[in-house]
1. What's the magnitude of the charge dipole for the chain around its Cα centre, counting Lys and Arg as +1 and Asp and Glu as -1 at the beta-carbon? Answer in Debye, nearest 20.
2. Can you list the DSSP H helices in the chain whose Cα atoms extend at least 20 Å along the helix axis and whose mean Kyte-Doolittle hydropathy is -1.0 or higher?
3. Just the number, please: percent antiparallel of the DSSP beta bridges in region 19-111, rounded to the nearest 5.
4. Whole-Hz Karplus ³J(HN,Hα) for region 71-82, in order, using 6.51 cos²θ - 1.76 cosθ + 1.60 and θ = phi - 60°, x for Gly and Pro?
5. First obtain the Kirkwood hydrodynamic radius of region 108-184 from its Cα pairs, then insert it into the Stokes-Einstein equation at 10 °C and 1.306 mPa s, and state the resulting D in µm² per second as a whole number.
6. Based only on the alpha carbon positions, what is the Kirkwood hydrodynamic radius of the chain, in angstrom?
7. Need one number: % antiparallel among DSSP beta bridges in the chain, to the nearest 5.
8. Compute the separation of the alpha-carbon centres of region 150-166 and region 1-45 and state it in Å as a whole number.
Amino acid sequence: MADLVGEYTQNPRGGYTFVYGPLVQAMRDGRALLLDDATLISPMVLAVVYPAMDGRRQIVVKAHTGETITAAPGFYVIAGHNPGVHGAVLTEALASRFSAQIHVSTDYDLARTLGIDPRAVKVARHLAARVHKGDIGWAPQLRELIAYQKLADVLGEQAAVANLVGIAPADDRDVVAEAIATVYGRRVAPLAVGRQI
């Protein structure tokens, strides 16, 4: 909570000064506050933001004189989350505080423009369609496709493809390997170190 609201920090004179966190600063300045990977933040920590996001538009800074901060016009919260991440849960309490919820997917045309192997993009599109149907829970996003291409450029296609299989969650790994085998024309095992002595 201190990361959002603020905390006492030692000042150059050896005493302690309360330094307001980004939530208070955004509320006072009437600016947006971005909460990245919000569904991985503890619900107890997120609870401090709720009163700022609902009709009250206020929070109480209990750690510093119990003062009440009221949001200036223009304050709002933007939160990002990846629904496929293990442990990420979009609670009803959090979801209900956003008037707009926008699904952002991977731009596969951008991936091709960035020079990513069209076969890797084809695999990602296929897997994304399976995620959309609910068959699996994971498909490579743009960051994984960029990493794939960097790895392919340095270590070669075989290592990059094997890594793509290896980074897939265990529950989806066989489906990912099957999709890669269909597009690349060969079975691929996850990237691994060779035999140990």
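What follows is calculated from the coordinates using simple rules that are stated; it is not laboratory data. Just so we're clear, the structure is a prediction, and the values are computed from it rather than from any experiment. Cβ coordinates were reconstructed from backbone atoms using ideal geometry, including for glycine residues, and neighbour counts include every protein chain displayed.
1. Computed about the Cα centre, the dipole is about 120 debye.
2. Passing helices, by number: 118-133.
3. About 50 percent, rounded to the nearest 5.
4. Once θ is set to phi - 60°, the couplings for region 71-82 become 5, 6, x, x, 6, 7, 10, 10, 10, x, 7, 10 Hz.
5. 130 µm²/s
6. 20.0 Å
7. 70 percent
8. Comparing the Cα centres of region 150-166 and region 1-45, I get a distance of 40 Å.
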